[in-house]
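Heads up: the structure comes next, in structure tokens.
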Amino acid sequence: MNQDLLGILVMFGLALGLALPLGRFLANVFRGDKNALYFLAPIERGIFRLAGIDANHEMTWQQYLVALLTIKLVWFVLAMAVLSTQGVLPLNPDHNPSMSPDLAFNTAISFLVNCNLQHYSGESDPSYLSQVVVITFLQFVSAATGIAVVVVINALQARTTDKLGNFYNYFVKSLTRLLLPLSLVIALFLAFNGTPMTLAGKQELVKLQGDSVAVSRGPVAAMVAIKELGTNGGGFYGANSAHPLENPSYLTNMVENVSLVLIPLAMIFALGFYLKHKRLAWMIAIIIPALVPLALRGVAYKPIGASALLRRNLLVYGLGGVIVSFIGIKLIDLQVGVFM
């Protein structure tokens, strides 16, 4: 077995091994049961009291949606304001100019909805203030809102659309008990393994040839941690995790990849624990990794007519895909049932 394949298997093994207890933990958090981070409850209550929010108020689906869209509108205005004026704001040691209105709009919308499309070079355009207050902040809250929306699975159990729980309760707990603690651990690990974490500007280095080069640095480790953990895509550098300072070694690459799939896998197990349907969770958790080899296989290309291509796709991926999928899911369900 070659080293690359072994690394992939170890990565999936670690992610799966960590996702199971994390899923149980998340189910306890969103049910309101006591857990390892229950001591943070007074801080959360203080946040709700300061914001004038009743976290125990059950929301209808309309109230849930309004809360989600309203808070995202506030973040959009904040992001636009900072990106459009970063040139005259503090924490800009490299003197990057303000973004143009169209680039600021694209960036704000993209990170607001967790798409993280970067039409700028990460280390060249945003100031440190924008990297922290806009990019990193939105990577935290967009991931937390995604989790808060997923947690309405409690409505599946109650079979109602009138009592979905409280959006702000799920949102805040996603931050205080999941994203912030794990990001802190990952950021510290990255910082101690070579990823920059500083507010100093570019550093002049002399190359072996004798000429100098300005190396970009900044609060990189903090951003990379939530970039991976929140399944975001916007890195500090233009090359993202292909950049040697954003991902210095094989070990950091392993940690970043595990972080990337950890919460999605954990949410699957949380679904099973929350609904008390562990068989369903295991079935979904097995199907997802099983699709990876198919994705890695790639697509063979050859010229073909439009009509022939349509017929082939309808038969192979349409009809065949539906039949094979149902048969495959049923077989996995039967196998999981043997062990549950």
Subject >> FRET E, pair Ala51, Arg279, Förster distance 45 Å, beta-carbon r, rounded to 0.05 >> reply: 0.70
Original post:
What residue among Val255, Leu188, Ala104 has its Cα farthest toward the positive end of the dipole of the chain, where the charges are +1 on Lys, Arg and -1 on Asp, Glu, each on the Cβ?
Top reply: Val255
Subject >> Choice from Ser100, Ser130, Ser110 with maximal GNM fluctuation in the chain (Cα, 10 Å cutoff) >> reply: Ser100
**OP:** Please give the calculated 222 nm ellipticity per residue for the chain, where each DSSP H segment of at least 4 residues contributes -39500 (n - 2.57) and the sum is spread over every residue; nearest 500 deg cm²/dmol?
**Re:** -19000 deg cm²/dmol
Original post:
Taking the Cα centre of segment 1-145 as origin and charging only Cβ (+1 Lys, Arg; -1 Asp, Glu), how large is the dipole, in debye to the nearest 20?
Top reply: 520
Subject >> From phi via Karplus (6.51, -1.76, 1.60), per-residue ³J(HN,Hα) for segment 173-187 in Hz, x at Gly/Pro >> reply: 5, 4, 7, 6, 10, 10, 5, 5, x, 5, 5, 4, 5, 5, 4
Subject >> Accessible area of the chain divided out per residue, in Å², using a probe of 1.4 angstrom >> reply: 55
**OP:** For Lys278, go through the lysines and keep the ones whose alpha-carbon is under 26 Å away, minus same-chain ones fewer than eight residues off.
**Re:** Lys34, Lys163, Lys173, Lys330
Original post:
Going by average Cβ neighbours within 10 Å, how do the peptides 35-44, 206-215, 22-31 rank, with the highest at the top?
Top reply: 22-31, 35-44, 206-215
Original post:
Tell me, what % of the accessible area of the chain is carbon and sulfur with a 1.4 angstrom probe?
Top reply: 69
Original post:
What size of dipole, in debye to the nearest 20, comes out for the chain about its Cα centre when the only charges are +1 on Lys and Arg C-beta atoms and -1 on Asp and Glu C-beta atoms?
Top reply: 1200
Subject >> Most mobile listed residue (Leu310, Leu138, Leu190) in the chain, GNM with C-alpha springs under 10 Å >> reply: Leu310
Original post:
If you build a Gaussian network model of the chain, linking Cα atoms that sit under 10 Å apart, which residue out of Leu260, Leu251, Leu18 swings the most?
Top reply: Leu251
**OP:** Using only the Cα atoms of the chain, construct the convex hull and provide its projected area averaged over every direction, in square nanometres to one decimal.
**Re:** 23.4
Subject >> Heavy-atom SASA rank of Glu58, Glu256, Glu123 (probe 1.4 Å, accessible area, largest first) >> reply: Glu58, Glu123, Glu256
Original post:
Given Tyr128, Met59, Thr70, which one lies farthest toward the positive end of the charge dipole of the chain, if we put +1 on the Cβ of every Lys and Arg and -1 on the Cβ of every Asp and Glu?
Top reply: Met59
**OP:** Normalising by the residue count of the chain, find the relative contact order in percent from Cα pairs under 8 Å and 6+ residues apart.
**Re:** 21
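The values are calculated or read from the model by the stated rules, or taken from the named source; none is laboratory data. All values reported here derive from a predicted model rather than from experimental measurement. Using ideal geometry, Cβ is built from the backbone for each residue, glycine included, and neighbour counts are taken over all protein chains shown. Please note that ligands, DNA and RNA were not included when accessible areas were found on the heavy atoms of the full protein model with its side chains. Shrake-Rupley method; radii C 1.70, N 1.55, O 1.52, S 1.80 Å.
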